[in-house]
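*Asks:* One structure follows; several queries about it will come next.
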Amino acid sequence: MIDEDEVDQAAPPGRQRKIIHVDMDAFYASVEQRDNPDLRGKPVAVGGSQERGVVAAASYEARKFGVRSAMPSVTAKRQCPDLIFVKPRFEVYKAVSQQIREIFAEHTPIIEPLSLDEAYLDVTENLQSVPLARDVALAIRSKIKEVTGLNASAGISYNKFLAKLASDYRKPNGQYVIAPEMGPAFVEALPVSKFHGIGPATSAKMNSLGLHTGLDMRNQSLEFMQANFGKAGGYYYWISRGVDNREVRADRIRKSVGAENTFAADLTDFDAMVVELERLIDKVWKYCEGVGNRGRTVTLKVKFNDFEIITRSRSVSLAVSSRSDLGRLSVALLQNEIPVPKPVRLLGLSLSALQHSDDAEPQLVLPM
């Protein structure tokens with residue numbers, strides 16, 4: 001997710017940085033396979049169950065069958081009949097994540113965690129005075145393997161956008177460097193759907209405007225991009241040129257975290273909307289679990305088929321402390337709008353008034 005207050009910072013370059021994006025390979029599933037030898041080499045899904053719920057993470061063996069995170073468990077089981085479901089153990093994942101964070105800190109204090117299993121590191125002036133960022137990445141990945149027994153992939157580049165793209169390029173258990181002279185050419189052949197920060201709905205809109213690749217975007221003016229995509233248009237304009245001047249922000253505290261989805265077909269049925277809302281709840285809570293944040297205000301966004309947008313919020317006195325509490329608050333907000341006056345095109349969910357869980361007051365327990 002791209003913060004709105006970061007969008008403007010995509011533009012014109014300051015000094016050249018050395019940035020690493022470290023992403024653990026199938027993190028939750030890999031931890032389960034590490035701790036249970038019977039799961040090794042087998043298709044594993046963390047979260048959900050055969051009957052209900054959604055997949056939180058999938059092993060690479062499961063991904064070969066098309067199993068992905070946020071996929072309904074029933075669909076995952078249909079695609080991979082031998083899929084093994086494992087209950088998540090977030091306390092274990094947090095402990096491993098802390099080990100990884102300590103390894104990062106041996107090399108730089110400028111660490112921006114995105115979740116339990118990925119982070120940006122600014123190693124322009126790293127603590128061990130290693131001249132090449134790729135060697136820093138190699139050392140970090142080697143130490144992670146030694147300490148945790150898990151594999152990590154890394155992307156190395158001169159900005160955050162390209163570093164994140166690069167970390168996917170040699171997965172699993174690899175790394176890739178996008179040097180400054182490679183950046184613009186690397187981006188120009190990239191489908192817009194592969195750009196970090198461009199979701200399915202925005203990708204479809206771009207395609208309808210004849211924008212299919214980074215080069216197509218680069219051929220447009222800043223005015224065109226902003227007219228069609230608002231504030232985010234400026235971000236898209238610059239990253240299509242390989243330019244992203246956002247800083248790695250150490251120990252950043254987000255004001256809010258959210259997710260939204262535009263549906264392929266408009267919805268009117270409450271149960272169908274709850275299925276879509278559950279996926280958004282999973283995304284929001286996964287982020288909160290990853291960085292240890294909790295929030296007090298839940299906001300539901302509903303966009304109808306005529307593009308009218310309404311929002312409904314509820315604030316609670318104590319921070320929302322579990323995925324189930326977030327789910328109950330979110331579904332209740334939706335239920336209050338039933339029956340909907342017209343078909344629903346999009347649902348969005350956000351959690352705001354965030355604070356770190358270590359600073360939170362005693363946990364909120366909602367009645368069943």
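*Asks:* Which ones in the range 241-290 are closer than 24 Å to A204 by Cβ and without any contact (Cβ under 8 Å) to a residue 12 or more places away in the chain?
*Replies:* Answer for the range 241-290, where residues must be closer than 24 Å to A204 by Cβ and without any contact (Cβ under 8 Å) to a residue 12 or more places away in the chain: A264, A265, D269, A272.
*Asks:* Could you please let me know if K231 is of a type in the set (K, R), at pLDDT below 95 and over 20 Å from the mean Cα position of the chain (by Cα)?
*Replies:* Yes; evaluated as a whole, the condition is true for this residue.
*Asks:* Okay, moving on. Give the residue that is nearest to the chain's Cα centre (by Cα), with candidates limited to residues of the range 263-283 that are buried (at least 16 other Cβ atoms within 10 Å of the Cβ) and modelled with pLDDT under 90.
*Replies:* K283
*Asks:* Pick from F104, F90: which is touching a residue at least 60 places away in the same chain (Cβ under 8 Å) and touching a strand residue (DSSP E or B) at 6+ places or on another chain (Cβ under 7 Å)?
*Replies:* Being touching a residue at least 60 places away in the same chain (Cβ under 8 Å) and touching a strand residue (DSSP E or B) at 6+ places or on another chain (Cβ under 7 Å) holds for just one of F104, F90, which is F104.
The rows are residues; the columns are (1) polar (S, T, N, Q); (2) out of contact with any Asp or Glu (no Cβ under 7 Å at 6 or more places or on another chain).
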{"residue": "N207", "(1), (2)": "yes, yes"}
{"residue": "N219", "(1), (2)": "yes, yes"}
{"residue": "Q226", "(1), (2)": "yes, yes"}
{"residue": "A232", "(1), (2)": "no, yes"}
{"residue": "Y235", "(1), (2)": "no, yes"}
{"residue": "I239", "(1), (2)": "no, yes"}
{"residue": "R249", "(1), (2)": "no, no"}
{"residue": "G258", "(1), (2)": "no, yes"}
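*Asks:* Return yes or no: is S357 modelled with pLDDT under 95 and surrounded by fewer than 17 Cβ atoms within 10 Å (Cβ to Cβ)?
*Replies:* yes
*Asks:* Looking only at the range 329-348, count how many residues are touching a strand residue (DSSP E or B) at 6+ places or on another chain (Cβ under 6 Å) and surrounded by fewer than 17 Cβ atoms within 10 Å (Cβ to Cβ).
*Replies:* Selection size over the range 329-348: 2.
*Asks:* Could you identify the single residue in A152, A163 that is in contact with a helix residue (DSSP H, G or I) (Cβ under 6 Å, 6 or more places away or on another chain) and in contact (Cβ under 8 Å) with a residue 12 or more places away in the chain?
*Replies:* Being in contact with a helix residue (DSSP H, G or I) (Cβ under 6 Å, 6 or more places away or on another chain) and in contact (Cβ under 8 Å) with a residue 12 or more places away in the chain holds for just one of A152, A163, which is A152.
*Asks:* Being in contact with a strand residue (DSSP E or B) (Cβ under 6 Å, 6 or more places away or on another chain) and in a helix (DSSP H, G or I) is the filter here, so list the residues in the range 200-259 that pass it.
*Replies:* Across the range 200-259, the qualifying residue is only A201.
*Asks:* Looking at the range 119-139, which of its residues are buried (at least 21 other Cβ atoms within 10 Å of the Cβ) and either out of contact with any strand residue (DSSP E or B) (no Cβ under 8 Å at 6 or more places or on another chain) or not aliphatic (A, V, I, L, M) (or both)?
*Replies:* Scanning the range 119-139 gives Y120, D122, N126.
*Asks:* Taking N173 and the conditions (1) at positive phi; (2) in a helix (DSSP H, G or I), which numbered condition does it fall short on, given that it satisfies the others?
*Replies:* Unmet condition: (2).
*Asks:* For the range 329-350, which residues satisfy the criterion of being of a type outside the set (G, A, S) and either more than 14 Å from L280 (Cβ to Cβ) or free of Cβ contacts under 8 Å to residues at least 24 places away in the same chain (or both)?
*Replies:* Listed by number, the residues that qualify are Q335, N336, E337, I338, P339, V340, P341, K342, P343, R345.
*Asks:* Test of understanding: among S142, S167, S153, which residue is among the small types (G, A, S) and surrounded by fewer than 18 Cβ atoms within 10 Å (Cβ to Cβ)?
*Replies:* S142
*Asks:* Looking at (1) at pLDDT 95 or above; (2) buried (at least 23 other Cβ atoms within 10 Å of the Cβ); (3) not assigned by TED's automatic domain parsing to the domain that holds S153, find the lone condition where V55 falls short.
*Replies:* Status for V55: all satisfied but (1).
The values are calculated or read from the model by the stated rules, or taken from the named source; none is laboratory data. Just so it is clear, the model here is predicted, and its values are computed rather than measured. Cβ sites come from the backbone with ideal geometry, for glycine too, and all protein chains shown count toward neighbours.
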